[in-house]
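Below: the structure, in structure tokens.
The values are calculated or read from the model by the stated rules, or taken from the named source; none is laboratory data. In this text, all values refer to a predicted model and were calculated from it rather than measured experimentally. Cβ atoms come from the backbone with ideal geometry, glycine included; neighbour counts cover every protein chain shown.
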Amino acid sequence: MDIAINKKLNFTLKTNNLILKKISFIDTFKGKWNIIENKENRYLQELRKIATIESIGSSTRIEGVKLTDKEIEKIINNVKIDKLKTRDEQEVVGYWETLDTVIDNYKNIDITENYVKQFHSILLKYSAKDTKHKGSYKQLSNKVVATYPDGTQRTVFNATEPHLVDKEMSELIMWINETIKEEEIHPLIFIAVFVYEFLSIHPFQDGNGRLSRLLTTLLLLQQDYLFIQYVSFEKVIEDSKKDYYKALVEGQKDRNTEKEKLDSWVLYFLDSLSVLIQKLEKKYEIYKNTTTYLNDRQKSIKELIIKHQPVKISDLVKQMPETSRNTIKKDLTYLRNENIVEVIGKNKGTLYVMKKDN
């Protein structure tokens, strides 16, 4: 497979120069963002939460789910596993759990067939329809199908036949691990190639598109593109779905021939990352300039002050018995510094009320 893939990456000088320019832009941002991540994470938790909702919504809608981001947020904020009755709900929670697993554990995950199958099992964990084939390679022929907003579907291309999947997946996993080790191909190139090959093989009966996007996130995180968790790559793909399928077809139309080239796909992949970076820069600036980040405990304190103001620390301690007095004092100091609450009186008579502009 190594030789075959190298041939697919034999681009023109013009294309290579364009690719290098795009990679330079992405890697420059990567360096800037990793400095932000190391020095300041005040807004990152909230950005990740927003990105997670968008990623779940976009990736599942690409495959035909009809739920909005608001509906998805409501589901994952009030998950009751025994009440996931619709297939849409089952797919949303499965994607959420798999994405969380990837983001929380990417440093300790090896790129192996076993892990790929495990992710597939988690992805389809709650889908009653998929119980028989989750975590196992396909037994029947399948194809890449584009689902459009009106519900209509169109075959994009046929995938690897079931009897060849074991061999091709084994070769692909071996190739990616050897490529990472050798460090001769830029990470963004080999990630794009891996995703293209995975989609071309389409190793599972269902869930291949969603799993390919989760594996994209995993590989980007492992290669230190940490910004990927704070803005939705899946959203970029959803917004450019026509170009996404077009880029895949451009290579697929010559699948398994000397003419098969991945230039259109690699350029689409890099363009998508560039769009994603522009979105993240805007979101981060807006959030930094207009939003005060509060954790769940601080939000609870704020709500209690709104409801019962003026309040003393002792009042809050009674209302929040699971939280220490010292922690509440620190949170109140933070809320004061952020001009959310203000203080009336001193010492034991100190009262807390909301700032008038809050």
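Some notes on this structure:
- Considering (1) on the phi > 0 side of the Ramachandran plot; (2) touching a residue at least 60 places away in the same chain (Cβ under 8 Å), the lone condition that N339 does not fulfil carries the number (2).
- In region 119-172, of all residues being among the aliphatic types (A, V, I, L, M) and in a loop (DSSP other than H, G, I, E, B), the one that is farthest from the chain's Cα centre (by Cα) corresponds to L140.
- Restricting L172, L140, L199, L124 to residues that are closer than 21 Å to L262 by Cα and either touching a residue at least 60 places away in the same chain (Cβ under 8 Å) or exposed (fewer than 12 other Cβ atoms within 10 Å of the Cβ) (or both) narrows the list to L172.
- Residue match in region 256-276 (condition: of a type in the set (S, T, N, Q), under 26 Å from A4 (Cβ atoms) and surrounded by 15 or more Cβ atoms within 10 Å (Cβ to Cβ)): yes
- Number of the condition not met by I237 [criteria: (1) touching a Leu at 6+ places or on another chain (Cβ under 9 Å); (2) crowded, with 21+ Cβ neighbours inside 10 Å]: (1)
- Flag for Q153 being of a type outside the set (D, E), touching a Gly at 6+ places or on another chain (Cβ under 9 Å) and surrounded by fewer than 18 Cβ atoms within 10 Å (Cβ to Cβ): yes
- Scanning region 76-121 for residues that are surrounded by 11 or more Cβ atoms within 10 Å (Cβ to Cβ), under 19 Å from V65 (Cα atoms) and of a type in the set (D, E, K, R) yields R87, D88, E89, E91, E97.
- Selection status of T333, among the hydroxyl-bearing types (S, T, Y) and in a helix (DSSP H, G or I): yes
- Qualifying position, being closer than 23 Å to L280 by Cα and in contact (Cβ under 8 Å) with a residue 12 or more places away in the chain, among D100, D130: D100
- Condition check for F11 on (1) under 21 Å from the mean Cα position of the chain (by Cα); (2) of a type in the set (A, V, I, L, M, F, W, C); (3) part of a loop (DSSP other than H, G, I, E, B): one failure, at (1).
- Region 26-75, residues that are basic (K, R) and exposed (fewer than 14 other Cβ atoms within 10 Å of the Cβ): K32, K39, R42, K49, K66, K70, K74
- Evaluation of V65 against (1) in a helix (DSSP H, G or I); (2) of a type in the set (A, V, I, L, M); (3) closer than 27 Å to S274 by Cα (one fails), failing number: (1)
- In this entry, V317 is excluded by the filter for residues that are under 30 Å from T52 (Cβ atoms) and of a type in the set (V, I, T).
- Verdict on K302 being surrounded by 15 or more Cβ atoms within 10 Å (Cβ to Cβ), assigned by TED's automatic domain parsing to the domain that holds T12 and not β-branched (V, I, T): no
- Condition met for K253 (over 26 Å from K66 (Cβ atoms), of a type in the set (K, R) and in contact with a Lys or Arg (Cβ under 7 Å, 6 or more places away or on another chain)): no
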